[in-house]
DNA sequence: GCGGACTGCTTACCT
DNA sequence: ACAGGTAAGCAGTCCGCG
């Protein structure tokens, strides 16, 4: 262990007595969580047999773990930096699939004799596990099978025979293998004499001492886990050789290619590789001109006589690349190539380097000898969109994502793809491959490095991590941590049975428990507003209050006095919760170390980049951690944990409000984890920050400072102007994506006027300017001078058209017209553009609308309500606005 | 048969 | 398939109105 020395001192913690502490605002002290004897159980689970495989020797980072049915062995795919190839290593330990039973060997033999006579049965072993829910060791029988399907997946699998005496049987074998051998995907390993060994990173003395200083006083279990996670962040990440590709398919106008049937020809395939490859294969078509060469085109251009050759050449090019990247290849390119080859071009399945697997929805394509990275899937992940990139891309098309990250603008096609010359088609197609590749290479491989870090933290393969949501990420992370400690992995029913349901009632009908508090805003203009917020509130609560599925409502009578405010729940002070430990650790690493390091001015740009990516990866995991506890999709979900978290959050913000009142600071607004303070003094701010640290054990920071803030009576709605003149707009209608552009523009022009305001007296001028702007807008509207595009609302269709049965909203009506009148196919996820009209259905899709169709009255109303949100806050007298309803605006102007 | 009060649905946003 | 809370607009329903 490379870090043994580093933590030598820390590993001998003072034995602290559990404090008899009833004050709920005090940090919950816990006894050292996992005694050494608990850990020893582990060695019985992980047994390394003698290596049976011979002399291969190399180094690489692990990208995938799988199971090979033909060899009946687990395998690992490593990227070998030296050869730039993927290498497969087959298990040499003789590890076999198994499940656990709470029955003894004898009980199984006598009561479930079918297990012993099962074809796939290998052997049984008595082992010990630790049951966190009951807080005690339990004797279990490990039932080992010769192959995964004998454990589960068939009608007569062993788990079916054992009925409800079977545990951990639902874990896919390759994952079970990775957990047992504590394999961390994304980390460097060495294969020597057939054995697989981790390569531990070198961590400099400076860093070691910085970190050990920061984490002084933490418990042994915490430090051991810290040691493990630090390796994830300090192990080097190689630049992996990879290629992006994209296909174009002939499609008659208004027809979307069907990847299932693959009826039309593949006309073009392009490639862009990290080795500099830029190549386009174009199908020769008698009816299509070659056209003039495109000056910008700098790839290799090759015309291929027939489709069969085109695919063969494609397979030759792709072969040998460790990673093949696509944008939406899962849903389209791979499927299309496979089906085209098999159904129309007479390929045998073994002549294609692809295979299909059946997922619940449809068939998914895989490369046989490479890893397929579908960037669409990754960028589509909500945690990635929201936490990592703060919603900076609004939809997940290649063009939008590329525009956001690469500044590359879309090639606007002047004619349909079906009418492009071969040269034009090649240019267009290659560009897509190039930007797809570039999405993984820009900023020194930022995205690729982020992915590798996420793989290490979640222990998921590249293919899994990029395709699964955060509930799977955290599931895998926690399952691995359970196995590493020989904790029994509880199934959802077991947790529910022991812990029960939620006890609070949500504000929103249909939700499972109560969430956060939003403080009622004080309407008006407020100068010098300071916003304080709790640094990652929920993760902090989870750590400080030791929240985990086993610690909330634990089975110790002594713990029942540690009440969680506003709930009937209590929390354990005897053991560290596994989730509190891991989430707390990741949070601390981010806040106490990496975030500061990223700001360090003395380090190189490359280091800074790396620290930033680490901070990002941690943020994604931490932000998602609370949410999964409340979601049935997460197998360790536990509603008492989720509602305890929000209850403590409510407690924290209300206590803060009280404290503010006590010291004479006015709280004019607040949401979940923030308080907006009206011109507080430096001393008052400092007092609050110190108070929070001492009383709540949660860091309270200055988040932002406004020159002034405009509040209406609406929650989650405000406009603030920072000291530097930049504006911060939240929730206002004018900002919303679905609003017609002419309203958005008018709104931002108003905002520009408000930016200029420095003091109360400046408002008069701003008001005048705004009035003029508004007048102009109305005139233009009345004269029908806005184009249909400027007037269009753009609403997302969140489900397929036929799924709207309870009511038919306007955008759905517009979409229906698109289908019936224009025979245009619309799908879930499409954005429908429509205008509001005088007659008919009251709505028309822009494809069918003329400016004269629109209802001026409705647009005036819309403009009015959009402006009203800001105007009533900046002191337009209430009478002016609340005269006769339809004349609100006239009164103002 | 029409409009107001109401509830529920849908979308977009905030934390 | 990570959570709950809020705003806004419209759809649909019920009720009262001679």
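The values are calculated or read from the model by the stated rules, or taken from the named source; none is laboratory data. All values derive from a computational prediction rather than experimental measurement. Neighbour counts are summed over all protein chains in view; Cβ atoms, including those assigned to glycine, are modelled from backbone coordinates with ideal geometry.
Here are the numbers for this structure:
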quantity: Wholly enclosed strands (runs of 3 or more DSSP E) of the stretch A:793-856 bearing at least 3 residues within 10 Å of DNA strand B (Cβ to nearest atom) and under 30 Å from the mean Cα position of the chain (by Cα); calculated: A:793-796
quantity: Only one of A:397, A:387, A:370, A:326 that is within 16 Å of DNA strand B (Cβ to nearest atom) and crowded, with 17+ Cβ neighbours inside 10 Å; calculated: A:387
quantity: Strands (runs of 3 or more DSSP E) wholly inside the stretch A:330-390 that include at least 3 residues being at pLDDT 90 or above and within 30 Å of residue A:590 (Cβ to Cβ); calculated: A:371-374
quantity: Candidates A:602, A:573, A:656, filtered to the one that is more than 23 Å from the chain's Cα centre (by Cα), within 26 Å of residue A:220 (Cβ to Cβ) and either surrounded by 22 or more Cβ atoms within 10 Å (Cβ to Cβ) or more than 16 Å from DNA strand B (Cβ to nearest atom) (or both); calculated: A:573
quantity: Where residue A:528 falls short, out of the listed (1) assigned to a loop (DSSP other than H, G, I, E, B); (2) within 27 Å of residue A:654 (Cα to Cα); (3) more than 25 Å from the chain's Cα centre (by Cα); (4) away from DNA strand C (no atom under 13 Å from the Cβ); calculated: (1)
quantity: Criterion violated by residue A:255 - all others in (1) without any contact (Cβ under 8 Å) to a residue 60 or more places away in the chain; (2) surrounded by 14 or more Cβ atoms within 10 Å (Cβ to Cβ); (3) in a loop (DSSP other than H, G, I, E, B) satisfied; calculated: (2)
quantity: Residue match in the stretch A:756-771 (condition: surrounded by 18 or more Cβ atoms within 10 Å (Cβ to Cβ) and either within 16 Å of DNA strand C (Cβ to nearest atom) or within 18 Å of residue A:672 (Cα to Cα) (or both)); calculated: no
quantity: Failed criterion for residue A:107 (all others in (1) in a loop (DSSP other than H, G, I, E, B); (2) surrounded by fewer than 19 Cβ atoms within 10 Å (Cβ to Cβ) hold); calculated: (1)
quantity: Pairs with Cβ under 7 Å, 6+ apart, first in the stretch A:712-736 and free of Cβ contacts under 8 Å to residues at least 40 places away in the same chain and more than 17 Å from residue A:863 (Cβ to Cβ), second within 7 Å of DNA strand C (Cβ to nearest atom) and assigned to a loop (DSSP other than H, G, I, E, B); calculated: A:730/A:716; A:730/A:717; A:731/A:716; A:731/A:717
quantity: Candidates A:514, A:592, A:509 - the one that is farther than 30 Å from residue A:480 by Cα and modelled with pLDDT under 95; calculated: A:509
quantity: Selection status of residue A:440, within 16 Å of DNA strand C (Cβ to nearest atom), in contact with a strand residue (DSSP E or B) (Cβ under 9 Å, 6 or more places away or on another chain) and part of a helix (DSSP H, G or I); calculated: no
quantity: So residue A:491, is it out of contact with any strand residue (DSSP E or B) (no Cβ under 6 Å at 6 or more places or on another chain) and closer than 30 Å to residue A:761 by Cα; calculated: no
quantity: In the stretch A:850-872, the residues that are more than 13 Å from DNA strand C (Cβ to nearest atom) and crowded, with 21+ Cβ neighbours inside 10 Å; calculated: none
quantity: Meets criteria (assigned to a loop (DSSP other than H, G, I, E, B), touching a residue at least 40 places away in the same chain (Cβ under 8 Å) and either within 11 Å of DNA strand C (Cβ to nearest atom) or buried (at least 23 other Cβ atoms within 10 Å of the Cβ) (or both)) for residue A:643; calculated: no
quantity: Counted residues, the stretch A:714-746 - those being under 27 Å from residue A:836 (Cβ atoms) and within 11 Å of DNA strand C (Cβ to nearest atom); calculated: 12
quantity: From A:452, A:435, A:457, residue being surrounded by 20 or more Cβ atoms within 10 Å (Cβ to Cβ), without any contact (Cβ under 8 Å) to a residue 40 or more places away in the chain and closer than 24 Å to residue A:609 by Cα; calculated: A:435
quantity: Test: residue in the stretch A:405-417 that is touching a helix residue (DSSP H, G or I) at 6+ places or on another chain (Cβ under 7 Å), within 16 Å of DNA strand B (Cβ to nearest atom) and more than 24 Å from residue A:256 (Cα to Cα); calculated: no
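The rows are residues; the columns are (1) surrounded by fewer than 20 Cβ atoms within 10 Å (Cβ to Cβ); (2) in contact (Cβ under 8 Å) with a residue 12 or more places away in the chain; (3) more than 31 Å from the chain's Cα centre (by Cα); (4) within 17 Å of residue A:79 (Cβ to Cβ).
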residue	(1), (2), (3), (4)
A:156	yes, yes, yes, no
A:168	no, yes, no, no
A:187	no, yes, no, yes
A:198	yes, yes, no, yes
A:202	yes, yes, no, no
